[in-house]
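Just so it is clear, none of the values below were taken in a lab; they were calculated from the coordinates. Everything quoted here is computed from the prediction, not taken from an experiment. For neighbour counting, all protein chains shown are included, and Cβ atoms are generated from backbone atoms with ideal geometry for every residue, glycine included.
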Amino acid sequence: MNASRISRLLWLGTGLFVLAMVFIASLGIGAKPLPLGIVMDSLLGKLDGPESTIVLQSRLPRALIGVFGGAALGVSGALMQTLTRNPLADPGIVGVNAGAGLAVTLGFAFAGITQPYSLFAYSFTGALLTALLVHLISIKGVARPDPVRFILAGLAVGAMMNGISSAITMLLPQVFNRMRFWMAGSLDVGELTLVFAAMPLICLGCLAALALARPINALEMGNDTAAALGTNPIRTQTATLLTVALLSGTVTAVTGPIGFVGLMIPYIARWTVGPDLRWLLPFAFLYAPILLLCSDIAGRLAVAGELRVSTVTAFIGAPVLILLARSRTAERSGSQ
């Protein structure tokens, strides 16, 4: 076993351990701090009372969606960045989350959706249609995909869809009441039913992403080379967009829009374990939930009430995005 493989396995082992610790911390930290013993007894069914209710009905759904939602954001971001060959791509930045949000808004306004799987269906459809629209706009009339054009198309489409969502919520008070908390982006989902409904879909999306890792790696060498190696470029790109829409649409339906997690973690993963998706995806699967749960914990401790997790990730992600953009500008200037 070579040193590179050992290093990657150490990173993954460390990530698994840290994720377990952060998960337990998320169950104990809050407005009412709880000792580890009470948390464990509550999870094992050995304790009844107010503390057990806090753990099982409030913090456990929050921690679980932090793990599975973070994994979905990290994996979908890794797929998007690799497919577009653009380290600045992210489902939130390129408008996919905005498309999911618009579809959910339309569902609340005109279909009266209440069931979890109806919510997921609307969010998935909106995310998929937006991803396809941005992709088609970015490649129209050009010989090869342009990463900058992809980002600009995503920002424009996302802004348009956010504007439509805002207009609907302002015109329809009953929709505004349902959307105002959802649009803030939070892990405080309040019930296990919604989380349990989302978990199989996220697991399915992550398994699909792992199955696509080798074909997407082949696309990195160009469509002609990938075709020569037995990969169908169109089929692979379509399957990847479907997977990204499933992952980002599901987590957005549950938590609302949360940005930057799918941007930061895949970039760090690429720097740490390399561009091979067979290693990059497990890294993103483990470390994106760590970032999301730590951001949620920080939001609980930052103010007397609570700071939404989407606000915390934006505080972290915006400077990272600026640094990434500056580094790419410097790389282009140095290559000229």
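Side notes on the structure shown:
- The angle between the Cα long axis of helix 261-273 and the longest principal axis of the Cα atoms of the chain comes to about 60 degrees, rounded to the nearest 10.
- Kirkwood hydrodynamic radius over Cα pairs of the range 82-152, then Stokes diffusion coefficient at 25 °C and 0.890 mPa s, in µm²/s: 189
- Projected label distance in nm at Asp276 and Ala25, using a 7 Å step from Cα toward the beta-carbon: 3.1
- Pair Ser7, Thr53: separation of 7 Å Cα→Cβ label points (nm): 5.2
- The chain, helix-only ellipticity at 222 nm - DSSP H runs n ≥ 4, -39,500 (n - 2.57), divided by all residues, nearest 500: -26000 deg cm²/dmol
- The range 182-336 - convex hull of alpha carbons, volume per residue in Å³: 132
- The chain, relative contact order in percent, only Cα pairs under 8 angstrom and at least six apart counted: 29
- For the range 98-238: rounded, prolate or oblate by the Cα gyration tensor [a/c cutoff 1.5]: oblate
- Maximal additional length on extending the Thr238-Ala298 stretch stands at 17.9 nm, based on 0.36 nm per residue less the C-alpha distance.
- Normalised convex hull volume, the range 3-331, alpha-carbon set, Å³ per residue: 147
- In degrees, nearest ten, helix 309-335 long axis to first principal axis of the chain (Cα): 20
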